[in-house]
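A.B. asks: My structure is below; once you've seen it, I'll send some questions.
A short reminder: the numbers here are calculations on the coordinates, not readings from a lab. These numbers were taken from a predicted model, which means no experiment stands behind them. Using ideal geometry, Cβ is built from the backbone for each residue, glycine included, and neighbour counts are taken over all protein chains shown.
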Amino acid sequence: VTPSDAELVARVRQSGDPNAFGELVRRYQSPVRGFLRQMTRGDESQADDLAQETFIRAWRRLHSFRAEGRFSTWLFGIATNEFRQRLRRDRRRLDRESQTTDLESEPSLAAGAPGLRLDVHEALMGLSLAERAAVVLCCQHGLTHEEAAQALEAPLGTVKTNILRGKEKLRRWLQL
Amino acid sequence: MNEKPDFPEARDLLELLLADAHGPVPDAGFTARVIVALPPRGTLLGLRPVLFAAAWLGGAVIVALHSHELLGVTADVLSQAGRGNSAMLLACVPVAVGLGSLVWGLISLACEEH
């Protein structure tokens with residue numbers, strides 16, 4: 001019988017069982033690394049570095065996990081915080097993000113270019129960080145709006161707005 | 001304004017594209033690297049806030065009980081320092097170290113909690 005997330009968490013809390021935690025890492029490494037790859041604009045090395053920090057922090061803070069929520073939502077929250085901290089530390093990267101967070105500011109990718117169809121990945125990279133995080137969490141990782149708001153530490157209304165705006169932009173850029 | 005109407009078909013297609021663009025990330029040794037990098041889960045780590053609070057309370061009680069003597073010593077130290085008595089200044093080093101440890105403990109606790 002496959003143990004549930006709650007059972008694995010309980011085993012780690014009780015006896016510090018690294019194998020139980022390893023099973024949790026195996027289960028969630030793909031969504032966490034996938035999310036962070038989207039947030040770092042496909043920088044796999046940086047995303048994996050952040051993902052590793054995310055799981056280490058989860059290991060340290062497992063006592064603060066509340067079982068009423070999903071373990072994945074809690075993990076995405078830690079991953080988002082790790083990403084934010086990395087952005088703050090790397091001011092140059094932040095500047096680069098702020099310069100290119102909106103595709104409409106780039107003439108080559110503006111809606112006027114006839115026949116241009118963007119790849120989904122490219123289009124996602126064009127969203128603002130807040131829009132991208134909300135769209136990726138809800139549309140790719142299956143979080144509810146409430147769970148995304150919890151993970152992103154943002155008001156529910158803001159998350160809904162970011163998803164709506166993000167999807168509108170994606171439809172326009174992908175010519176759907 | 002969006003030029004295209006918000007057809008359900010378009011919404012479905014977008015969600016399909018988004019879901020399709022998100023493939024599983026192969027583990028490729030990631031889990032093993034995380035497990036190797038995990039710090040030991042010391043039992044004292046979880047008790048740190050309790051130990052810290054108890055030590056702080058203990059210190060506060062001692063200071064409250066001996067406040068008059070401590071004020072006298074401080075006054076002596078300041079007056080001796082004015083005369084260039086380095087021995088008295090050296091006696092303050094443990095106090096400074098203690099205060100430094102207290103500040104460091106508070107900062108590290110705050111960082112850990114975040």
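A.B. asks: What does the net charge come to around A:Arg66 if you take all other residues with beta carbon closer than 14 Å to its beta carbon, with K and R at +1 and D and E at -1? Intermediate values should be presented prior to the final figure.
C.D. replies: Working: positive: A:Arg13, A:Arg61, A:Arg70; negative: A:Asp5, A:Glu68, A:Glu147.
After counting each charged neighbour, the total is 0.
A.B. asks: Tell me the GluC sites (Glu not before Pro) within region A:124-176 that lie in a loop according to DSSP and have at most 14 other beta-carbon atoms within 10 Å. Could the numbers behind the result be given before it?
C.D. replies: Working: sites: A:Glu131, A:Glu146, A:Glu147, A:Glu153, A:Glu168; in loops: A:Glu153.
Qualifying residues, ordered by number: A:Glu153.
A.B. asks: May I ask for the distance between the Cα centers of region A:150-173 and region A:1-72, given as a whole number of Å?
C.D. replies: With region A:150-173 and region A:1-72 each reduced to a Cα centre, they are spaced 25 Å.
A.B. asks: Once label points are set 7 Å from the Cα along Cα→Cβ at both A:His121 and A:Ser45, what is their separation, rounded to one decimal in nm?
C.D. replies: About 1.7 nm separates the two model spin labels.
A.B. asks: Using a 10 Å cut-off around each Cβ, can you sort A:Phe55, A:Phe21 from fewest to most neighbouring Cβ atoms?
C.D. replies: Details: A:Phe55 27, A:Phe21 23.
Ranking A:Phe55, A:Phe21 by Cβ neighbours within 10 Å, fewest first, gives A:Phe21, A:Phe55.
A.B. asks: Please rank A:Lys169, A:Lys160, fewest neighbouring Cβ atoms within 10 Å first, as an exposure proxy.
C.D. replies: Details: A:Lys169 22, A:Lys160 15.
Ordered by Cβ neighbours within 10 Å, fewest first: A:Lys160, A:Lys169.
A.B. asks: Under a crude label model (7 Å from the Cα following the beta-carbon direction), how far is A:Ile56 from A:Glu146 in nanometres?
C.D. replies: 3.5 nm
A.B. asks: Residues with beta-carbon under 15 Å from that of A:Thr161, excluding A:Thr161: net charge, scoring Lys, Arg +1 and Asp, Glu -1?
C.D. replies: On the way: positive: A:Arg132, A:Lys160, A:Arg165, A:Lys167, A:Lys169; negative: A:Glu131, A:Glu146, A:Glu168.
That works out to +2.
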